[in-house]
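As structure tokens, the structure follows; a few thoughts come after it.
Nothing in this text is a laboratory measurement; each read-out follows from the coordinates by a stated rule. Predicted, not measured: the structure shown is a model, and the values here were computed from it. Positions of Cβ are generated from backbone atoms using ideal geometry, with glycine treated the same way; all protein chains shown enter the neighbour counts.
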Amino acid sequence: MHTVLSSSRASITIGPDQPFCIIGERINPTGRKKFQEQLRENDLSAIEVDVAQQIEGGAMMLDVNMGAPLVDEAKLLGEAVTLVQSITDVPLCIDSSVVEALEAGLAAYEGKALVNSVTMERERIDLILPLVKRYGAAVIALPNDEEAIPEDPQRRLELAKRLVGIATEEFGIPIADIVVDPLAMPIGADHTLALKTMDAIHLISTEIGVNTTLGASNVSFGMPDRHTLNAVFIPMAMQAGLTSAIMDARTAQIVTAVKAADLMRGNDEWGANWIAAHRAKQAAAQTAEAAKA
């Protein structure tokens, strides 16, 4: 199964036989007090720094979220999408829990976006999936219902099957345009949750056949040395069938682990990406040394 996403000038293919798709998570005001204050003043300048750092780090797509308190989220998301597309060619994931903001982001977008996200709540389905269909986008589907995120991997599989069925049969969305997020939950709350997420990834990948993604940083929330935990978790999830993740593309430790896993899993032909990344690091180090001289 291949999920193809595009900007106006470039495209990316997500699939089990493709290099793992790194979706940069940084353009999001959650937990960023200064960024939230800037957005309330309609100052989007920090986005340019976020884009540059994530692309330099290895992001192949960028998630864009403007969900800050006391802002006009629809207006900001449309403006942010336009700004990001003016400075990079990579495809975007348009991220909001506000339907009006999603529509503003999709209306501003040039290409085929990934929408983040739709859940099993019927009200959300009826609001979001028509937008996905109208704008020819792909969508991230979350297997949780009105009650809670189920811990049981089999229950997540059941909900994912139902949601994929509704999207394809009722709304005519191609199954290749549905990316399921099996839901990463923090191991600080329960040390078994990472294993349950990987079981869910495997079940969804093998029984439904769709591509998968995660808000990967969630797994280490509340724990010390989060970068190390994320750098271990994502390659393990890749082996279980994960094909993309919304993650910290600025942290070399995590991105390097992903690229190493790609090579070991046979998704980096002749090690070309690994070698290119190594040479880029060498060149950057040489430039930094020359600057000191």
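Each helix, a run of at least 4 DSSP H residues, gives -39500 (n - 2.57); summed and divided by the residues of the chain, these come to -15500 deg cm²/dmol at 222 nm. Size of region 3-292: Rg and Dmax of its alpha carbons, in Å, are 18.5, 62. Convex hull volume per residue, computed on the Cα atoms of region 158-225, equals 87 Å³. Rg/Rh for region 43-183 stands at 0.99; both radii use Cα atoms, and Rh follows the Kirkwood definition.
Each Cα pair under 8 Å and six or more residues apart adds its sequence gap; the mean of these over the residue count of the chain is a relative contact order of 19 percent.
Here the gap between THR206 and PHE171, fully extended at 0.36 nm per residue and compared with their Cα-Cα distance, gives a gain of 10.2 nm. For the chain, a Gaussian network of Cα nodes joined below 10 Å ranks VAL84, VAL258, VAL49 by mean-square fluctuation, and the top entry is VAL49. For the residue pairs LYS33/LYS75; LYS34/LYS133; LYS33/LYS112, alpha carbon separations beyond 24 Å are given by LYS34/LYS133; LYS33/LYS112. Inter-part distance, region 181-208 to region 64-135, computed on C-alpha centroids, equals 26 Å. Normalised Debye scattering of region 106-252 at q = 0.11, 0.12, 0.13, 0.21 Å⁻¹ gives log10 I(q)/I(0) of -0.41, -0.49, -0.57, -1.28, counting only Cα atoms as equal scatterers and leaving out solvent. A simple spin-label model places pseudo-atoms 7 Å from Cα toward Cβ; at MET236 and GLU37 they are separated by 3.9 nm. When the inverse distances between all different Cα atoms of region 1-126 are averaged and flipped, the Kirkwood radius reads 14.9 angstrom. Charge dipole of the chain (Cα centre as origin; +1 on each Lys and Arg Cβ, -1 on each Asp and Glu Cβ, all else neutral): 740 debye, rounded to the nearest 20. The modelled label-to-label distance for the pair ARG279/ALA46, using points 7 Å beyond Cα in the direction of Cβ, is 3.7 nm. Between ALA272 and ALA288, the contour length at 0.36 nm per residue exceeds the Cα-Cα span by 3.3 nm.
Multiplying the residue separation of GLU121 and ASP190 by 0.36 nm and removing their Cα-Cα distance gives an extension gain of 22.3 nm. Spin-label pair GLN18-VAL99: with each label point 7 Å from Cα along the Cα-Cβ axis, the two points sit 3.0 nm from one another.
Which lysines have a Cα less than 20 Å from the Cα of LYS281, not counting those fewer than 8 places away in the same chain? Partners found: LYS259, LYS292.
Each residue of region 267-279 was assigned a 3J(HN,Hα) from its phi angle through the Karplus expression (A = 6.51, B = -1.76, C = 1.60, θ = phi - 60°), giving 9, 9, 4, 6, x, 4, 5, 4, 5, 5, 5, 5, 5 Hz with x at Gly and Pro.
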